[in-house]
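For reference, the structure is listed below as structure tokens.
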Amino acid sequence: MLTRTVLRSRIPNLNRLLHSSSRISRQLFDPSTVERVSEDVDVCIVGAGPAGLSTAIRLKQLEQKLGKELRVVVLEKGAEVGSHTLSGAVIEPRALDELLPDWALRDDHPLTQSATSSRMRFLTKSLSIPIPHPPQMSNHGNYIVSLSRFTAWLGNIAEEIGVEVYPGFAGAGVVYTDDGSVAGIRTNEVGLDRLGCMKESFEPGMEFRARVTLIAEGAHGSIAKELIQKFDLRRNSDPQTYGIGLKEVWRVDPTQYRPGEVVHTMGWPLDFRTYGGGWVYHMADGLVSIGLVIGLDYANPYLSPYKEFQRMKHHPYFAELLSGNSTRIAYGGRSLNEGGLQSVPQLYFPGGALVGCSAGFVNVAKIKGTHNAMKSGMLAAEAAAAALSQESSSGPADMSQYETALKNSWVWSDLNEVRNLRESFHTPLGIWGGIMYSGVDSLLLKGRTPWTFRNRARLTDAQRTQPAYRFRPINYPPSQPPLSTDLLTSLTLTGTNHAEDQPVHLRVRKDGNENTALRKLHVQRNLSEYAGLLQRACPAGVYEYVEDETAADGWNGHKLVINSQNCIHCKLCDIKVPTQDITWTVPEGGGGPKYTIV
Amino acid sequence: MRPSAVRLLNILVPIKRAVDYAVKIRVNPEQTGIDLNVKHSMNPFDEIAVEEAVRIRERLKDAVKSIKVVTIGPPKSAETLRTALAMGADSAVHVEIPDSAPSPEPLGVAKTLKALIERQKEGVDIVILGKQAIDDDAGQTGQMLAGLMGWSQATFASKVEVNPEQKVANITREIDGGLEELRCKLPVIITTDLRQVQLLNEPRYASLPNIMKAKKKPVEKLTAAELGVDITPRLETIKVTEPPKRVGGGKVANVDELLAKLKEAGFTGKRA
């Protein structure tokens, strides 16, 4: 057995690795033999976003009706409530009005900026042409907020009303009963080193055994993915499709600040085949939110969402907005769902249900999903309370009433009206076909059509990626600070970090298998067919295909390097990698971005 | 011969809620300070102090009676106390200041701690705190407190050994030339350092079961006025600005050009 002194002389910098506990004597963590602390609760909610918190608040409000106390626990992987929440955002207060009718009387509420105008512009390389927009996009009565702040505010309200919110603890996996129904959630392990061995600080995750488990992880949640597969929740619905939203918040020059102005753009820098568009929202306090959403069904693997966003800022319209005495104060990114009604899966499973964007209720025409997410949470709470009030029932809670209630609610009619718009962009006419159809459907027909476009071929975003040989590399201009910067400079603004010595949370895994051969195949297919798509697509610089002749898991002198510390939890890789062999899992809780104003 | 009765040790750990180390800070538009609307967490040096207190108890077992943590801060600082309780402290004191009040200065903190220590009926034997806070980098509180109390102090500690029977602590300090070993009589003030090569300790995680238990541990709320201490700042911050942006360097083609640029910049040569 090597002694410490021998090792120290042979390997430089080992001092930093050894700390106080000897690495050699660490044991590999074995999940099957570990003993976990277990806690019984009534409802366990994974995710403290608008949906999860609305569910929790509604449950506590129903306590009085039920006549008994409910123990409601919300787990949140971000360091604080709101740390992992990012959105445009212009929100429709419809659900908030129902949840907290007196919200305007609270003196710390964040809805301080009303949307005062709503415009759409078509961008060419140098022009910005005003165009009419679908009536759903008029923002009368809506508010421009930072969703991160809004969520933090909801989190305070939830805690006041008695919800147990635990930020810094991720929902890592599902606890099943013997008959395969969902019995609760287990949190992440802490104190595992990079090889999966237990450090001195090791503590196993604990289990929350709940009669009702609600998943509110946001778009493409990791537990939601597992449950959708296990219970085949998509058997009657289309696959979910997504967009990636990249965002910055700027403090603009006072001459450029027009509070309440809402602008959406289409066209440049995206070509007619790529769905997407930009936004400019003038928030409160002299801040402006700008961003670009790109449909993840894009075909060209050379596309880099980050670089598209950076070059969009050099368009005269944006360059003027950001000119003068302006400072960029935030950057971030997150996937959002675009599949609409046709992609909503079955919402309930034995023992629980999906709420919010984990199910997928974004109204693509309005570009809003918060109101539907919150309402879905409230309806789930009502169904859960009903299920819990049946004291004598044995077996897993039946949440089917939630799905019925949702289909009879305004969420369904909200999504029904716009159900054909996104799918109309999936023709060879690209955005022109989509704009023409959407114009007619939204302005004249308002969704009252007998037809519903379906994704009959069940093509996912990953499958719509085409091989690189069909395209030429896109020549992005170099960054020109202060307007545009390189990716790592932007990344520091997210405040993202993960404790270094922990297992890499981005797994090269397919059908549950991980091995060197799979990694080699990943590198081979991604480099030879798709020009290393992940390296261009990830908005945090996590993935790199680097030259390394000696790597055991490399191909043709290249290997995949995963800089998981940079990850901002946007889920793009899991959605878009053409070989579908990246599985996003939760890292130790408390890591990831530290958003406050996005 | 029976051993003489040893009074059990009471440890006090002052902690501070500071801006999280991973946050990219910005100067606020009024240029009076930094934008505080960002993530805060326990000062990393104070985390080490809490961990060291818990380890002292693990080493000495029954000789330690209690570990009390204290913070002086706005209402949100209660979360920081809960984390310390989850790491192993027994009870907490929150000296609450309003959200709008400025962060107290080291002298104010030291005076408050003195008042608090004098209030403890069972006395305090060891005060262990971080050597500095990462937001103001003052590094003064421990030393000022030792001066006010007239106690021994060992700052920048990288190793602590307490001997309760003899009422001394053997402490290794980090100094410029290397390490210094001190023997201090109790009561003692120790400030903890963060050493690159060998950490004093690696703070444990506050596990979720411990956080849930910590909710039941007592937190005493006080104000500075109740302690009879005036913590109004004595220093006025006039202006806070970012450091000047780095201007890019330039390449010169030959020595003559280098001399010309040096002259432009105001450097003149003198014959030796």
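Every number here is computed from the coordinates shown, using simple stated rules; none is lab data. Source: prediction; values computed, not measured. All Cβ positions, even for glycine, are placed from backbone atoms using ideal geometry, and neighbour counts span all protein chains on display.
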If you average over every viewing direction, what projected area does the convex hull of the Cα atoms of segment B:1-93 give, in nm²? 7.4
Applied in sequence order to segment B:120-134, the curve 6.51 cos²θ - 1.76 cosθ + 1.60 (Karplus, θ = phi - 60°) yields integer Hz couplings, x standing for Gly and Pro, of 6, 4, 8, x, 10, 9, 10, 10, 10, 9, x, 5, 7, 9, 6
Violations at 21 Å Cα threshold for listed pairs A:K375/B:K39; A:K368/A:K407; B:K114/B:K221; B:K68/B:K131; B:K121/B:K217 -> A:K375/B:K39
Using a Cα-Cα cut-off of under 19 Å, which lysines could be cross-linked to A:K510, ignoring same-chain neighbours fewer than 8 residues away? A:K225, A:K230, A:K520, A:K559, A:K571, A:K576
For segment A:376-383, in residue order, the Karplus 3J(HN,Hα) values (coefficients 6.51, -1.76, 1.60; θ = phi - 60°; whole Hz; Gly and Pro = x) are 4, x, 5, 5, 5, 4, 5, 5
Collect residues whose amide H, placed 1.01 Å from N in the peptide plane, falls under 5 Å from the amide H of A:M120; neighbours closer than 5 in sequence don't count. A:I131, A:H264
Separation in nanometres of the label points that stand 7 Å from Cα toward Cβ, at B:D99 and A:N475: 5.3
Starting from the eigenvalues of the Cα gyration tensor, five times each then square-rooted, give me the equivalent ellipsoid semi-axes of segment B:9-242, largest first, whole Å. 27, 20, 19
Hey, what's the Kirkwood Rh for segment A:113-153 if you take every pair of different alpha carbons, in angstrom? 12.4
At most 14 other Cβ atoms within 10 Å and a DSSP loop assignment: could you name the GluC sites (Glu not before Pro) in segment A:417-525 that fit? A:E500, A:E514
Can you give me the Cα centroid spacing of segment B:63-103 and segment A:375-437 in angstrom? 44
Kindly rank B:49-57, A:350-358, A:404-412, A:126-134 from highest to lowest mean number of other beta carbons found within 10 Å of each residue. A:350-358, B:49-57, A:404-412, A:126-134
Beta bridge orientation in the protein assembly as shown: antiparallel %, DSSP, nearest 5: 60
In whole angstrom, note down how far apart the Cα centers of segment A:546-598 and segment A:97-133 are. 34
Positive-end residue, segment B:9-242 charge dipole about Cα centroid, Cβ charges, pick of B:G147, B:A157, B:P14: B:P14
Provide a whole-number value for the mean count of partner chain Cβ atoms within 10 Å of the Cβ atoms in peptide B:13-24. 3
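Could you grab the Rg to Rh ratio for segment B:108-175? Cα atoms only, Kirkwood for Rh.
0.97
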Can you give me the relative contact order of segment B:9-242 as a percent, contacts being Cα pairs under 8 Å and 6 or more apart? 27
Determine the gain in length on full extension of the stretch A:L443-A:S413; use 0.36 nm per residue of separation and subtract their C-alpha separation, reporting nm with one decimal. 9.2 nm
To the nearest 0.05, the calculated FRET efficiency linking B:K261 and B:N170 through their beta-carbon distance, R0 being 41 Å, is 0.10
Under 5 Å between amide hydrogens, which residues at least 5 positions from A:I45 or on another chain qualify, with H placed 1.01 Å from N in the peptide plane? A:V73, A:V74, A:L75, A:L214
Spacing of the two label points (7 Å from each Cα toward its C-beta) at A:A552 and A:E98, in nm: 5.6
Peptide A:203-210 - average C-beta neighbours from other chains (10 Å radius): 2
By per-residue mean of other Cβ atoms within 10 Å, what is the highest-first order of A:187-196, A:468-477, A:69-78? A:69-78, A:187-196, A:468-477
Going toward the positive end of the dipole of the protein assembly as shown, with +1 on Lys and Arg Cβ and -1 on Asp and Glu Cβ, which of A:A79, B:L113, B:V252 do you reach last? B:V252
5 angstrom amide H check on A:G184, placed H, neighbours 5+ away: A:V175, A:A210
What relative contact order, as a whole-number percentage, does chain A give when Cα pairs under 8 Å and 6 or more residues apart are counted? 19
Using the basic label-point model (7 angstrom from Cα toward the beta carbon), what is the A:D179 to B:E30 distance in nanometres? 6.2
Percent breakdown of C-alpha pair distances by 5 Å bin, ordered from the shortest bin, for segment A:360-507: 1, 7, 9, 10, 10, 12, 14, 14, 11, 6, 3, 1, 1, 0
Cα centroids of segment A:279-337 and segment B:210-265: how far apart, whole angstrom? 30
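Quick one: of A:K65/A:K446; A:K313/A:K366; A:K247/B:K239, which pairs are farther than 28 Å apart, Cα to Cα?
Where the Cα-Cα span goes over 28 Å, the pairs concerned are A:K65/A:K446; A:K247/B:K239.
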Extended-chain gain in nm, criterion 0.36 nm per residue less alpha-carbon gap, A:Q580 and A:L127: 159.2 nm
Once you have a ≥ b ≥ c as the square roots of the Cα gyration tensor eigenvalues for the protein assembly as shown, tell me rounded if a/c is under 1.5, and otherwise prolate or oblate according to whether a/b is larger than b/c. prolate
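Can you give the % of DSSP beta bridges in segment B:9-242 that are antiparallel, to the nearest 5?
DSSP beta bridges in segment B:9-242 are roughly 40 percent antiparallel.
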Sorted on mean Cβ neighbours within 10 Å (highest first), peptides A:40-47, A:316-323, B:8-15 come out as A:40-47, B:8-15, A:316-323
